[in-house]
Structures are given as structure tokens and as C-alpha cells.
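> Structure provided below as C-alpha cells; questions to follow.
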Amino acid sequence: MLRVVCWILYYCVAQFLPLSYRPFGGLWRALRGSLVRGLASAGCDINIESRVEFGSGRNLRIGSHSGIGPRSQVGDLTIGDGVIIGPELLALTTNHRFDDPGVWIGRQGYSDSQPIHIGEGSWIGARVTILPGVTIGRFAVVGAAAVVTRDVPDYAVVAGNPARTIRDWRTGIPETSNTNEASST
């Protein structure tokens, strides 16, 4: 019953409250955080900004000191501790089926959910799209508007569509394959 009450209060009221950096933002942040903890597995000091959609929240896990930016849509997602997610993340965990060419795609249903994992300390930029089943490594950085189609290693900086590794941010050394591509043009 508590879960149902949290779901109703979140989707009918709390998700529409102002952003956390607006006046009384700490209050709005605390209210959204407490309601999300009633829906999902969530650590302490989480920041869920306004208009975040996550369905029922049953398969959502949010680590301590992590946040999800405004207008994000997430599904079956595990977020490690200390993760920063910018506005408008689109974390897709299912897709349309298209097995039968004689049936409209919209009538074929959906694929099974493939969870997404975001490692601790990572930073996901604004308007990033992450496709089903992808794992973002620990302390990775995903540039704004990237489309992540495959796993991202720990400490990698990735950007683009599809997202490609630019460098390892611990060393600052550019990715070898990208350096060769750039020098050949």
C-alpha cells in the first residue's frame, strides 16, 4: 500500500515541483527523494530532479549521493554511488519486436528488458541515449548527446553517435584508434 501511495504522490505532485536549485529547492529535492525511496531501491542523499519518469520503479536502483537530471526517462537501471546524470537521459531497456514482417511493428509487442548499469562515480552528460543492456564503467564520462550502443570501460571518456572512446581520463592519453583515424584525414 505504501508503494502505491508513493507512486501516486510522485507522479501526481512531486515530479512537477521546481528544480532543486530554485527557491525552496532543498525541500523539493527531499520530497522527491523520499517518495522515490518508497518506489525503488535508493541510497541516501539522492537527487531526483523534476519530471523524471521511471515507470513503476521496481527495477530501479540508485546509489547514495547520485542524481538524475530533469526530464529523464529511465527503466530497468542500476546507478552506482556518486553518479551525476544530466538532463534528458533516455535509458532504453526494451525495444519493439519486429520478428514478423507481415505484422505491423506496433502490434508485435516488446522485447524482454535488458538492464542498464552505470558504474560508481560516472558522469552522464545532457541528452544522452543509452541502449538496452549497456554497462557504463566506473568513473566514466559520457559526453552530451552521445548515443551509447555498447559497453563503456572504466575511466573512459566517450562521445558521439555512436559513442566512441576519446581517451582515458586518468592519463589524458587519447584512444589509439581515434588518433589514427584523425591523422589519416
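Taken together, the values in this text are just the output of simple stated rules run on the coordinates, not laboratory data. A quick note: this is a predicted structure, and the numbers were derived from the prediction, not measured. Cβ coordinates were reconstructed from backbone atoms using ideal geometry, including for glycine residues, and neighbour counts include every protein chain displayed.
> Between residue 170 and residue 105, what length comes free when the chain is fully extended (0.36 nm per residue of separation minus the Cα-Cα distance, one decimal in nm)?
19.0 nm
> Enumerate the amide H contacts of residue 127 below 5 Å, restricted to partners 5 or more residues apart or on another chain; note that Pro and chain-start residues carry no placed amide H.
Long-range HN contacts for residue 127: 88, 89, 145.
> Still on this structure, please answer the following. Would you give the gap between the C-alpha center of region 97-124 and the C-alpha center of region 3-30, rounded to a whole Å?
First find each Cα centre; the distance between them is then 28 Å.
> Can you pull the one-decimal nm distance between simple spin-label points at residue 94 and residue 8, each 7 Å off the Cα toward Cβ?
Going from the residue 94 label point to the residue 8 one covers 2.5 nm.
> Could I ask something else about it? Given a cut-off of under 8 Å on Cα pairs at least six residues apart, what relative contact order in percent is computed for the chain?
Rounded, it is 11 percent for the chain.
> Would you kindly state how much longer the chain becomes between residue 51 and residue 112 on full extension, computed as 0.36 nm times their sequence separation minus their alpha carbon distance, in nm to one decimal?
19.4 nm
> Next question. Going by how many other Cβ atoms sit within 10 Å of their own, how do 21, 155 line up, fewest first?
21, 155
> Moving on to the next point. Which of 96, 117 comes first, and how do the rest follow, when ranked by fewest Cβ neighbours within 10 Å?
96, 117
> Residue-wise, which Karplus ³J(HN,Hα) couplings in Hz belong to region 161-175, taking 6.51 cos²θ - 1.76 cosθ + 1.60, θ = phi - 60°, and x for glycine or proline?
Rounded to whole hertz, the list is 9, x, 4, 10, 6, 8, 6, 9, 6, 6, 9, x, 7, x, 5.
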